[in-house]
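A.B. asks: Below are the structure tokens for one structure; questions will follow.
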Amino acid sequence: MSLPSLLRLFILAAIWGASFLFMRMAANSLGPAVLIELRVGFAAITLFIFALYLRKKLAFTTHKKHFFIIGALNSAIPFLLFAFAAQTINASTLSILNSTTPIWGAIVGIVWTKTKPTKSMLLGLLLGLTGVAILVGQNSLTIDSQAITAIVAALCASLSYAIASHYTKHAPKLSAFDNAHGSMWAASIMVLPLIFVIPAREMPSNEVMLGVLALGVLCTAVAYILFFRLIDDIGPTSALTVTFLIPLFGIVWGNLILDEQIGPNTLVGALCVIAGTMLVTGFIRIKPFLKRNTL
């Protein structure tokens, strides 16, 4: 990996790690629906401006069904679920639960393709489950029973990302930029009616609105562009290593800016989830013991 690609990888992890910080800051005042409508709306407008600059035309009506499917699975549903969870659990825990996406991806792949899991995958699933159990135990003791519902919502968000990744393998072959651009407009349309059902609780402060603007422009639109550039430069497998770095930045941002405490359960849970993800994705493998022949 070249130095510019390595820098992009760390910048992307830092940006996506910060997305949970911004959601945590805004979720309670804006509510999930308004927060996510603003997020995908700002992202769609930003990508539209990029499209004008790059002279890229979006054939939205031609691939309308595809954009609505990917917009639901990869944006609207997971974003709403994470925003709901952000009302209760902290940014550090959200970022760790987000990193279970490849683990869910492995489970969806096993069910979808009916393939037999390897020993590395099974150990990875076990480690990931252990990490989540540690986080559940920590939050159920330190917050209240609502934490369990929030954690389940965050895990369902990660599952939605995993389903989206498998769908894209069989979806119409469009450019990564077009997929991001079209799906953001589709997500904006789908989330819009919810703001009348789940309105904002209070008038947001300037600090909250700046956070939401950063969430839409930086953590969604710009992050997607960085991610697509990484895929082009180093391939999808290497770009996936950003998943391992996001929880580290999520924990750091939560501690530095929101003064979230980093307890031993958080660190142990994060290590279990990250190690499990590495095993499931094949980033690390269990090497079989070599038997020595005796004479």
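The values are calculated or read from the model by the stated rules, or taken from the named source; none is laboratory data. Worth saying up front: this structure is predicted, and the values here are computed from it rather than measured. Glycine also receives a Cβ, built like all others from the backbone with ideal geometry; neighbour counts cover every protein chain displayed. When the accessible area is computed, the model is the full protein with side chains, heavy atoms only, and any ligands, DNA or RNA have been set aside. Shrake-Rupley method; radii C 1.70, N 1.55, O 1.52, S 1.80 Å.
A.B. asks: Karplus couplings for region 7-20 from phi (6.51 cos²θ - 1.76 cosθ + 1.60, θ = phi - 60°), rounded to Hz, Gly and Pro as x?
C.D. replies: For region 7-20, the Karplus curve yields 5, 4, 4, 6, 5, 5, 4, 5, 5, 5, x, 6, 4, 6 Hz.
A.B. asks: Probe radius 1.4 Å, ligands and nucleic acids left out: which of 170, 63 has the largest accessible area, and how do the rest follow? Spell out each step's value before the answer.
C.D. replies: Numbers: 170 135, 63 50 Å².
The ordering from most to least exposed comes out as 170, 63.
A.B. asks: With contacts defined as alpha carbon pairs under 8 Å and 6 or more residues apart, what's the relative contact order of region 1-137 in percent? Let's see the in-between values first.
C.D. replies: Details: 52 pairs, mean separation 43.3, N = 137.
With pairs under 8 Å counted, the relative contact order is 32 percent.
A.B. asks: Next question, about the same structure. Heavy atoms only, 1.4 Å probe, whole protein assembly: order 165, 19 by accessible area, highest first.
C.D. replies: Largest accessible area first, the list is 165, 19.
A.B. asks: So, by mean Cβ neighbours within 10 angstrom, what's the order for 114-123, 37-46, 274-283 with the highest one leading? It would help to have the intermediate numbers written out before the result.
C.D. replies: On the way: 114-123: 14.1, 37-46: 23.8, 274-283: 22.1.
Packing proxy ranking, top to bottom: 37-46, 274-283, 114-123.
A.B. asks: I need the calculated FRET efficiency for the pair residue 209 and residue 166, taking r as the beta carbon distance and R₀ as 45 Å, to the nearest 0.05.
C.D. replies: Values: r = 36 Å, r/R0 = 0.80.
Efficiency computed from Cβ-Cβ geometry: 0.80.
A.B. asks: What ³J(HN,Hα) values, in whole Hz, does the Karplus curve 6.51 cos²θ - 1.76 cosθ + 1.60 give for region 157-165 when θ = phi - 60°, with x put for Gly and Pro?
C.D. replies: With the stated coefficients, region 157-165 comes to 5, 5, 4, 4, 4, 5, 4, 4, 5 Hz.
A.B. asks: Follow-up question, since we're still on this one. Indicate the gyration tensor shape class of the chain (rounded, prolate or oblate), computed on the Cα atoms with a ≥ b ≥ c the square roots of the eigenvalues: a/c under 1.5 is rounded; otherwise a/b larger than b/c is prolate and the rest oblate.
C.D. replies: On the way: a/c = 1.72, a/b = 1.23, b/c = 1.40.
Note, shape of the chain comes out oblate.
A.B. asks: Could you count how many Lys pairs in the chain have their Cα atoms under 22 Å apart, skipping same-chain pairs fewer than 8 positions apart?
C.D. replies: 14
A.B. asks: Right, next: Once the piece of chain linking residue 54 and residue 196 is laid out straight, how much longer is it, given 0.36 nm per residue of separation minus the C-alpha distance between them?
C.D. replies: Values: separation 142, 0.36 × 142 = 51.12 nm, distance 3.52 nm.
Fully extending the segment from residue 54 to residue 196 adds 47.6 nm.
A.B. asks: Okay, moving on. Could you sort the peptides 173-185, 196-208 by per-residue average Cβ neighbour count (10 Å cutoff), highest mean leading?
C.D. replies: 173-185, 196-208
A.B. asks: Now for a separate question. Could you check how much of the accessible area of the chain is carbon and sulfur, as a whole percent, using a 1.4 Å probe? Numbers along the way, then the final one.
C.D. replies: On the way: 10380 of 14980 Å².
Within the chain, the accessible surface is 69 percent carbon and sulfur.
A.B. asks: Let me ask something else. With springs only between Cα atoms under 10 Å, which of 226, 256, 218 fluctuates most in a Gaussian network model of the chain?
C.D. replies: Answer for the Gaussian network model of the chain: 256.
A.B. asks: Right, another one. Which peptide among 151-161, 3-13, 50-60, 85-95 comes first, and what is the full order, when sorted by highest mean count of other Cβ atoms within 10 Å?
C.D. replies: Sorting 151-161, 3-13, 50-60, 85-95 by mean packing, highest first, produces 85-95, 151-161, 3-13, 50-60.
A.B. asks: A further question follows. Relative contact order of the chain: what whole-number percent is it, with Cα pairs under 8 angstrom and at least 6 residues apart? Mind showing how you got there, number by number?
C.D. replies: Values: 413 pairs, mean separation 123.9, N = 295.
Over the chain, the number comes to 42 percent.
A.B. asks: Calculate the spin-label point distance for residue 7 paired with residue 258, positioning each point 7 Å from the Cα along the beta-carbon direction, and give it in nanometres.
C.D. replies: That separation, rounded to one decimal, is 3.0 nm.
A.B. asks: How much accessible area per residue does the chain have, in Å², with a 1.4 Å probe? Display every interim value, and only then the final one.
C.D. replies: Working: 14980 Å² over 295 residues.
That works out to 51 Å² per residue.
A.B. asks: Just to check I understand the Karplus step: with θ = phi - 60° and J = 6.51 cos²θ - 1.76 cosθ + 1.60, what whole-Hz values come out for region 193-209, glycine and proline as x?
C.D. replies: With the stated coefficients, region 193-209 comes to x, 5, 5, 7, 8, 10, x, 5, 7, 7, 5, x, 6, 4, 5, 5, 5 Hz.
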